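The next block holds one structure in the form of structure tokens; read it before the comments.
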Amino acid sequence: IAPKESAAPVAAEQAQEKTYERLTDAESMAAGKDIYVKNCVTCHGHNGEGGIGPNLTDNFWIHGAGMNNMIRIIKEGVPAKGMISWRSILNDRQSAQVSSFMMSLYGTNPANAKKAQGEEVDMTPYLN
């Protein structure tokens, strides 16, 4: 008889999942912009238009839309595409700040925006 697999690892993993709310206060947005300018501009452009990385201003998403998905991608990175994991560099608060700033770029239609990539997503639920 094979031993039963414990549900503990699954429960522990689920307990570690957080639901992140979009930050909108001036201090968080300013901090998020600073983090973005220092770490993200090279691949995502000064205005989120994309370049090496995807456009952050449209409603097409490669790895899922919203705060939780953005923070997951920041923490895990996308090694196959050259994006490093920022887990050891940015703490949870900083990840939420930069993700909130990036969410503020949605719909800004910057010049020279990179062509849409991924699946089209209704962004309405993520902007409230």
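The numbers here are math on the coordinates, done by the rules we state, and not lab data. Just so it is clear, the model here is predicted, and its values are computed rather than measured. A quick note on method: Cβ atoms are made from the backbone with ideal geometry, for glycine too, and the neighbour counts reach across all protein chains shown.
Rounded to the nearest 500, what is the 222 nm mean residue ellipticity of the chain from helices alone, with -39500 (n - 2.57) per DSSP H run of 4+ residues and division by all residues?
Numbers: 5 runs with 50 residues, N = 128.
-11500 deg cm²/dmol, from helical runs alone.
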| query | Quick one: length gained pulling residue 19 to residue 88 fully straight, 0.36 nm per residue minus the C-alpha distance? | reply | 22.8 nm
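What does the extension gain come out to for residue 34 and residue 75, with contour length at 0.36 nm per residue minus their alpha carbon separation?
The span from residue 34 to residue 75 would gain 13.0 nm if fully extended.
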| Taking N as the number of residues in the chain, what is its alpha-carbon radius of gyration divided by 2.2 N^0.38 Å? | 1.17
| field | Qualifying lysines (Cα of each under 29 Å from Cα of residue 38; at least 8 residues distant if same chain) | value | 18, 75, 81, 114, 115
| field | Where labels lie 7 Å past Cα in the beta-carbon direction, separation of residue 26 and residue 63 in nm | value | 3.3 nm
